[in-house]
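The values are calculated or read from the model by the stated rules, or taken from the named source; none is laboratory data. Given the structure is predicted, the values throughout are model-derived calculations rather than measurements. All Cβ positions, glycine included, derive from the backbone under ideal geometry; neighbour counts span all protein chains shown. Accessible surface is based on the protein model in full, side chains and every heavy atom, while ligands, DNA and RNA are left aside. Shrake-Rupley method; radii C 1.70, N 1.55, O 1.52, S 1.80 Å.
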Amino acid sequence: MRMVDIIEKKRDNHFLTKEEVDFVIQGYTKGIIPDYQISALLMAIYFQGMTDEEAAFLTNAMLHSGDVIDLSKVEGVKVDKHSTGGVGDKTTLILGPLVASAGAKLAKLSGRGLGHTGGTLDKLESIEGCSIALSEEQFIKQVNDINIAVAGQTAELVPADKLLYALRDVTGTVNSIPLIASSIMSKKLASGADVICLDVKIGDGAFMKTIEDARTLSQLMVSIGNRMGKTVIAFITDMDQPLGLAVGNRLEVKEAIETLSGHGPKDLETLCVEIGSHMIFNAKKAKSVEEARIIAYDNLHNGKALAKWNEFIHAQGGHIASLDDFVKVKEIIPVKANQAGYISKIKALPVGLASCKLGGGRETKEDIIDPMVGVVLKKKIGDYVNVGDTLCEVYANKIASNEILEGLLEAYEIVTEVVKPGKIILETIL
Ligand code: URA
């Protein structure tokens, strides 16, 4: 087989076979095929696309480029979730204990945040003593004992994705739906779960900008997962504003605990109940999605999800003495409205970037983050504000530059007509 023939085949819009896709991924991972030929193929895929079958071949080849986690020692159905990345997205912190409290098993390998969206590991590690460095035995035992464990990725999962992603980043081929789908699904499938719920965000700061693209990506990921014998459900969710109110590591942990205590922001609770109900139902812990929805809602309000959170954090070595002084910063600066009206949009990207610039996120992998800092929204879409009302508060440990404060003010779009907040879940794709 010759790489140049495969490039020409895709350039001319013909389908690639499983053998050809395996040849490409194996050759590239072993360093036999050079970057320039893979770049040409990526660009051909960008323009010509791939069928669902080809994308499944690609996912399968990537999945087997490194370690595949074996969760067969965990009893019962294993559920997992993935978000394509959102600002203020603390759903894993809530969904994990929530579905575990209903009897589902969540064995989750998580990543760190880079750029404007925070990672679950950073949020967990912001809790004193909380460790995500579990050995494989500890990880499996914890899931069998208490239904939930979260660990950092130590195994070499999907090395082909690291290589391909780096190349896509510098060749203008990140935004290709089959390439995104195979990148996400290869990593999820390598993590070993039976049921995968995908939260596909659309809006400012998200990979997908339109409902049509989000739908195409979701359908493709569901199709790839199904072809590999997994149950996959995709939720297209709104990112026209950050999720919930808190953005920043400890601020988000605090909001997650409030949500697990039945006092969370409405959009966040709705999203967790909805995704959670599909995880609980598919883990065979309810007879229908409707019954699972009731269990999910009830467990957020009857103390069961909160008790599971406490058990989970304790098992991971963490300790929260009190929520009252859990977030301590030198200064809390209000950002005030300079016009009256109804809030129609809060651009998520500048809010995420503000938290990042305050020290709450990483610009390079080596950066050390400040767990305390971030932004708390005081007004959301649909709220009315007068001039001088506080739109959001900045939690800072160093001087918050004008650039940060102005960025937040500009993130808010205010109009004179009444605005009705939209739905958080726009579509569910099974
Ligand atoms: N997230 C991923 O993991 N891969 C992509 O290509 C895009 C988003």
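Being modelled with pLDDT of 90 or more and in a loop (DSSP other than H, G, I, E, B) is the filter; apply it to the range 132-157 and report the residue that is surrounded by the fewest Cβ atoms within 10 Å (Cβ to Cβ).
So, considering only residues that are modelled with pLDDT of 90 or more and in a loop (DSSP other than H, G, I, E, B), the one surrounded by the fewest Cβ atoms within 10 Å (Cβ to Cβ) is A133.
This table checks each residue for (1) out of contact with any Leu (no Cβ under 7 Å at 6 or more places or on another chain); (2) not in a strand (DSSP E or B).
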| residue | (1), (2) |
| --- | --- |
| D267 | no, yes |
| E274 | yes, yes |
| Y342 | yes, no |
| G359 | yes, yes |
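Which of the residues belonging to the range 159-177 are more than 10 Å from the ligand (Cβ to nearest atom), open to solvent by 10 Å² or more (accessible area, probe 1.4 Å) and touching a residue at least 40 places away in the same chain (Cβ under 8 Å)? Let's see the steps before the verdict.
Step one: list which residues in the range 159-177 are more than 10 Å from the ligand (Cβ to nearest atom), which gives 159-160, 162-163, 166-167, 170-172.
After this cut, where a residue has to be open to solvent by 10 Å² or more (accessible area, probe 1.4 Å) as well, the list is 159, 162-163, 166-167, 170-172.
Once the filter is applied, which keeps residues that are more than 10 Å from the ligand (Cβ to nearest atom), open to solvent by 10 Å² or more (accessible area, probe 1.4 Å) and touching a residue at least 40 places away in the same chain (Cβ under 8 Å), the range 159-177 yields P159, L163, L167, T171, G172.
Does G96 qualify as being outside any loop (DSSP other than H, G, I, E, B) and either at pLDDT 95 or above or more than 16 Å from the ligand (Cβ to nearest atom) (or both)?
yes
Pairs under 8 Å by beta carbon, first residue at positive phi and away from the ligand (no atom under 16 Å from the Cβ) in the range 60-88, partner open to solvent by 20 Å² or more (accessible area, probe 1.4 Å) and of a type in the set (A, V, I, L, M, F, W, C), six or more apart or different chains?
If the second residue must be open to solvent by 20 Å² or more (accessible area, probe 1.4 Å) and of a type in the set (A, V, I, L, M, F, W, C), the pairs left are G88/L245.
Among the residues of the range 327-335, are any open to solvent by less than 50 Å² (accessible area, probe 1.4 Å) and closer than 27 Å to I424 by Cα?
Yes; the residues of the range 327-335 include at least one that is open to solvent by less than 50 Å² (accessible area, probe 1.4 Å) and closer than 27 Å to I424 by Cα.
Got at least one residue in the range 203-215 being assigned by TED's automatic domain parsing to the domain that holds I280, assigned to a helix (DSSP H, G or I) and either within 15 Å of the ligand (Cβ to nearest atom) or hydroxyl-bearing (S, T, Y) (or both)?
Kept after step one, since they are assigned by TED's automatic domain parsing to the domain that holds I280, are these residues of the range 203-215: 203-215.
Next cut, assigned to a helix (DSSP H, G or I) only: 211-215.
From the residues that got through so far, the ones that are either within 15 Å of the ligand (Cβ to nearest atom) or hydroxyl-bearing (S, T, Y) (or both) too are 213-214.
Checked against the condition, which is being assigned by TED's automatic domain parsing to the domain that holds I280, assigned to a helix (DSSP H, G or I) and either within 15 Å of the ligand (Cβ to nearest atom) or hydroxyl-bearing (S, T, Y) (or both), the range 203-215 yields at least one hit.
Looking at this structure, is D199 more than 10 Å from the ligand (Cβ to nearest atom), farther than 24 Å from D22 by Cα, acidic (D, E) and at pLDDT 95 or above?
Values: more than 10 Å from the ligand (Cβ to nearest atom): yes; farther than 24 Å from D22 by Cα: yes; acidic (D, E): yes; at pLDDT 95 or above: yes.
Against the criterion (more than 10 Å from the ligand (Cβ to nearest atom), farther than 24 Å from D22 by Cα, acidic (D, E) and at pLDDT 95 or above), D199 qualifies.
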